[in-house]
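What follows is a single structure, written as structure tokens, with notes after it.
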Amino acid sequence: MPTISKKELEDYQQLCKDRNNGRILTPDGLRLICEAYKNDPESIGKHMLETLARMQNKERY
């Protein structure tokens with residue numbers, strides 16, 4: 001029976017936590033964001049950076 005390392009288990013648990021908190025971007029989610037910003041790369045990038053900043057601030061507190 002195969003086993004996984006402690007690090008692999010921690011990575012899997014983090015992935016499950018991210019999935020449960022809606023932090024995994026699916027292809028449909030990405031398509032929705034792109035359509036919402038009319039496929040404008042600058043607007044999409046700005047949205048992504050703002051979202052990342054909000055997520056990082058939540059993790060600190």
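The values are calculated or read from the model by the stated rules, or taken from the named source; none is laboratory data. These numbers come from a predicted model, not from an experiment. When we count neighbours, we look across all protein chains shown, and the Cβ atoms used for this are built from the backbone with ideal geometry, even at glycine. Areas reflect the complete protein model, heavy atoms only, side chains present, ligands, DNA and RNA absent. Shrake-Rupley method; radii C 1.70, N 1.55, O 1.52, S 1.80 Å.
Go through (1) surrounded by 10 or more Cβ atoms within 10 Å (Cβ to Cβ); (2) among the basic types (Lys, Arg); (3) more than 14 Å from the chain's Cα centre (by Cα) for Lys38 and report which single condition fails.
It is condition (1) that Lys38 fails.
Restricted to the range 1-10, and to residues that are at pLDDT 90 or above, out of contact with any helix residue (DSSP H, G or I) (no Cβ under 9 Å at 6 or more places or on another chain) and not in a helix (DSSP H, G or I), which residue is surrounded by the fewest Cβ atoms within 10 Å (Cβ to Cβ)?
In this case the residue turns out to be Thr3.
Yes or no, residue by residue, for (1) part of a helix (DSSP H, G or I); (2) open to solvent by less than 100 Å² (accessible area, probe 1.4 Å); (3) in contact with a Gly (Cβ under 9 Å, 6 or more places away or on another chain); (4) not small (Gly, Ala, Ser):
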position	(1), (2), (3), (4)
Tyr12	yes, no, no, yes
Asp18	yes, yes, no, yes
Glu42	yes, no, no, yes
Gly45	yes, yes, no, no
Ala53	yes, yes, no, no
Gln56	yes, yes, no, yes
